[in-house]
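Peer 1: Provided herewith is a single structure, encoded as structure tokens, for subsequent inquiry.
The values are calculated or read from the model by the stated rules, or taken from the named source; none is laboratory data. Source: prediction; values computed, not measured. Using ideal geometry, Cβ is built from the backbone for each residue, glycine included, and neighbour counts are taken over all protein chains shown.
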Amino acid sequence: MPAIEINFDGIIGPSHNYAGLSLGNLASAGNSGSPSFPRQAALEGIAKMRANIALGLTQGIFLPHRRPDTAWLSALGTSMADAEPHIRAAAFSASAMWAANAATVSPAADTLDGKCHLTVANLVTMPHRSHEWPQTLAQLRTAFASDRFSVHDPVPAPFGDEGAANHMRLCESHDAPGVEVFVYGRSGGTFPARQHPEASKAVARKHRLDPGRTLLVQQSAEAIEAGAFHNDVVAVANERVLFAHEQAFADKSAFFAELSRLIPSIEIIEVPASQISLTDAIQSYLFNAQLVTLPDGAGMALIVPTETQATPAVWQWLETLLAGNGPIRRVMPVDVRQSMANGGGPACLRLRVVADPADIDARFLVDGPKLDRIAAIIEQHWPERITPDDLRNADLIAQVEQSWLTLVDHLQLSRELCV
Ligand code: SUG
């Protein structure tokens, strides 16, 4: 079977809460302290996966991480009972749900050794995300254990790497050689740039990419200041289509010229700031969409958060897009509001891997019936609601631990993940 694109969604974990942990992520700051609804959040994520399967797409999963992260707390010389509130919240965060930050993936068609390479993201910029990588790496090594894959350790600190959220791939078709674009930021404003250029360069080298087909592109400082803490908040690519905001990149002319030279058939759909401001783009998360190729030559679909419907300039623009004769033939809103309130839209929740599904550990692939069984566990075990005070509640912590174990056991992954 040829390599196809598989979307691996992070199942939203039972400890999902709003702790305001991400400076520069406006939704995270704005909803800090609000009650969260983990059960609803996880079911929204399952519904998104079901809708993608209904489109004929192949779907995978990553598991939530074990929370609280007692190993991390103990490395800091503390525990859930004794930790200061910001450390307690960081140890309890369900942030691994945003699988776009799990790793950077270079499909076999792009690499010199013909293997699909994955580098787990170190996420060192934000404390609550900096301890994700060991559990993510355990899952990557299990899911992609075949010799068709090469799974790499994280890039060392201090070079921040946030994975696929700052990486785009353009190609004629998923299984053909592509051009890989690494987008980095430069700090200097109020908000941190999370992707360091040295991290991007290291990943490109380790993935054995052709330097002639690898681009290192700077994110615009104004996008970071407006709240685009990752490139995937202002741009998304699929095959030969790049969909981006006018203010996404520091030097778009040079970038677009290089892309056109390397991929002559490229189609760049650029949204002018005069039609959609950066503020509206970031509030609605228009670009944090899944741009997917539909089976049977039906063109591409843009899976957008329902918040796009609530932003008139954005929705009007999407209607005009559909009325034209472009490559995007369908726009599909999905309700992932619980994740969105922490700054994670449809694209944040998934990691794209181009590979033959037969080479992947089947425990990480899902179909409708398997999702039904996972949803039943979520319905029965995930907490309904969490408020900031609950993070000190031993009963809630025990419930979160038990929920996780039940899911991991059900998927027969305890041996690999209970370390
Ligand atoms: O890293 N939010 C995540 C959102 C990640 C979105 N991912 C992509 N754009 N690919 C972050 O900022 C908030 C957690 C809190 O505040 O409780 C958080 O971590």
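Peer 1: Of (1) of a type in the set (A, V, I, L, M); (2) in contact with a Leu (Cβ under 7 Å, 6 or more places away or on another chain); (3) surrounded by fewer than 16 Cβ atoms within 10 Å (Cβ to Cβ), I11 satisfies all except one. Which?
Peer 2: Result: I11 passes all but (3).
Peer 1: While we're on this one: From A204, A244, A221, grab the single residue that is touching a Ser or Thr at 6+ places or on another chain (Cβ under 7 Å) and aliphatic (A, V, I, L, M). Break it down stepwise before answering.
Peer 2: On the way: A244 fails: touching a Ser or Thr at 6+ places or on another chain (Cβ under 7 Å); A221 fails: touching a Ser or Thr at 6+ places or on another chain (Cβ under 7 Å).
After ruling out the rest, the residue left standing is A204.
Peer 1: Of the residues that make up the stretch 274-281, is at least one more than 16 Å from the ligand (Cβ to nearest atom), within 23 Å of S22 (Cα to Cα), among the β-branched types (V, I, T) and modelled with pLDDT of 95 or more?
Peer 2: Of the residues in the stretch 274-281, the ones more than 16 Å from the ligand (Cβ to nearest atom) are 274-277, 279-280.
This time we only want the ones that are within 23 Å of S22 (Cα to Cα), so: 277, 279-280.
Of the ones still in play, those that are also among the β-branched types (V, I, T) are 279.
Then drop every residue that is not modelled with pLDDT of 95 or more, which leaves 279.
Looking through the stretch 274-281, at least one residue is more than 16 Å from the ligand (Cβ to nearest atom), within 23 Å of S22 (Cα to Cα), among the β-branched types (V, I, T) and modelled with pLDDT of 95 or more.
Peer 1: Among the listed residues Q247, Q218, identify the single one that is in contact (Cβ under 8 Å) with a residue 12 or more places away in the chain, away from the ligand (no atom under 16 Å from the Cβ), of a type in the set (S, T, N, Q) and assigned to a strand (DSSP E or B). Walk me through how you get there before you give the answer.
Peer 2: Details: Q247 fails: assigned to a strand (DSSP E or B).
Among Q247, Q218, only Q218 is in contact (Cβ under 8 Å) with a residue 12 or more places away in the chain, away from the ligand (no atom under 16 Å from the Cβ), of a type in the set (S, T, N, Q) and assigned to a strand (DSSP E or B).
Peer 1: Ok, one more. Could you check the stretch 14-76 for helices (runs of 4 or more DSSP H) lying wholly inside it with 1 or more residues that are away from the ligand (no atom under 13 Å from the Cβ)?
Peer 2: The qualifying helices (runs of 4 or more DSSP H) are 38-54, 70-75.
Peer 1: Okay, next question. Tell me, which strands (runs of 3 or more DSSP E) wholly within the stretch 113-185 include 3 or more residues that are surrounded by 22 or more Cβ atoms within 10 Å (Cβ to Cβ)? Give the derivation first.
Peer 2: Working: elements: 116-120, 149-152, 167-171, 178-184.
Filter on the stretch 113-185 gives 116-120, 167-171, 178-184.
Peer 1: Suppose we filter the stretch 250-282 for residues that are of a type in the set (S, T, N, Q) and in contact (Cβ under 8 Å) with a residue 60 or more places away in the chain; how many remain? Quick ask: steps written out before the conclusion?
Peer 2: Of the stretch 250-282, the ones of a type in the set (S, T, N, Q) are 253, 260, 265, 274-275, 277, 279.
Adding the requirement that they be in contact (Cβ under 8 Å) with a residue 60 or more places away in the chain leaves 265.
Of the residues in that region, 1 qualify.
Peer 1: Right, next: Within the stretch 81-91, how many residues are within 19 Å of G33 (Cβ to Cβ) and either aliphatic (A, V, I, L, M) or touching a helix residue (DSSP H, G or I) at 6+ places or on another chain (Cβ under 7 Å) (or both)? Steps first, please.
Peer 2: Let us first name the residues in the stretch 81-91 that are within 19 Å of G33 (Cβ to Cβ), namely 83-91.
If we keep only those that are either aliphatic (A, V, I, L, M) or touching a helix residue (DSSP H, G or I) at 6+ places or on another chain (Cβ under 7 Å) (or both) as well, we get 83, 87-91.
Final tally of qualifying residues: 6.
Peer 1: Checking G188 against (1) out of contact with any Lys or Arg (no Cβ under 8 Å at 6 or more places or on another chain); (2) in a loop (DSSP other than H, G, I, E, B); (3) buried (at least 22 other Cβ atoms within 10 Å of the Cβ), which single condition isn't satisfied?
Peer 2: The single condition G188 does not satisfy is (3).
Peer 1: If you go through the stretch 103-117 one residue at a time, do you hit one that is of a type outside the set (D, E), within 13 Å of the ligand (Cβ to nearest atom) and within 25 Å of N342 (Cα to Cα)?
Peer 2: From the stretch 103-117, those of a type outside the set (D, E) are 103-109, 111-112, 114-117; that's our starting set.
So of that shortlist, the ones also within 13 Å of the ligand (Cβ to nearest atom) come out as 103-104.
Keeping just the survivors that are within 25 Å of N342 (Cα to Cα) gives 103-104.
Yes, the stretch 103-117 contains a residue that is of a type outside the set (D, E), within 13 Å of the ligand (Cβ to nearest atom) and within 25 Å of N342 (Cα to Cα).
Peer 1: Quick one: which residue in A362, A355 is buried (at least 21 other Cβ atoms within 10 Å of the Cβ) and more than 14 Å from the ligand (Cβ to nearest atom)?
Peer 2: Answer to the selection: A355.
Peer 1: Could you list, in sequence order, all residues of the stretch 126-150 that are within 15 Å of the ligand (Cβ to nearest atom), without any contact (Cβ under 8 Å) to a residue 24 or more places away in the chain and not aromatic (F, W, Y)?
Peer 2: Of the residues in the stretch 126-150, the ones within 15 Å of the ligand (Cβ to nearest atom) are 126-133, 136.
Then keep just the ones that are without any contact (Cβ under 8 Å) to a residue 24 or more places away in the chain; that gives 130, 133.
Answer for the stretch 126-150, where residues must be within 15 Å of the ligand (Cβ to nearest atom), without any contact (Cβ under 8 Å) to a residue 24 or more places away in the chain and not aromatic (F, W, Y): just S130.
Peer 1: A further question follows. Please verify whether R350 is within 16 Å of the ligand (Cβ to nearest atom), within 20 Å of the chain's Cα centre (by Cα), surrounded by fewer than 16 Cβ atoms within 10 Å (Cβ to Cβ) and closer than 16 Å to G45 by Cβ, treating the condition exactly as stated.
Peer 2: Values: within 16 Å of the ligand (Cβ to nearest atom): yes; within 20 Å of the chain's Cα centre (by Cα): yes; surrounded by fewer than 16 Cβ atoms within 10 Å (Cβ to Cβ): no; closer than 16 Å to G45 by Cβ: yes.
No: the conditions fail for R350.
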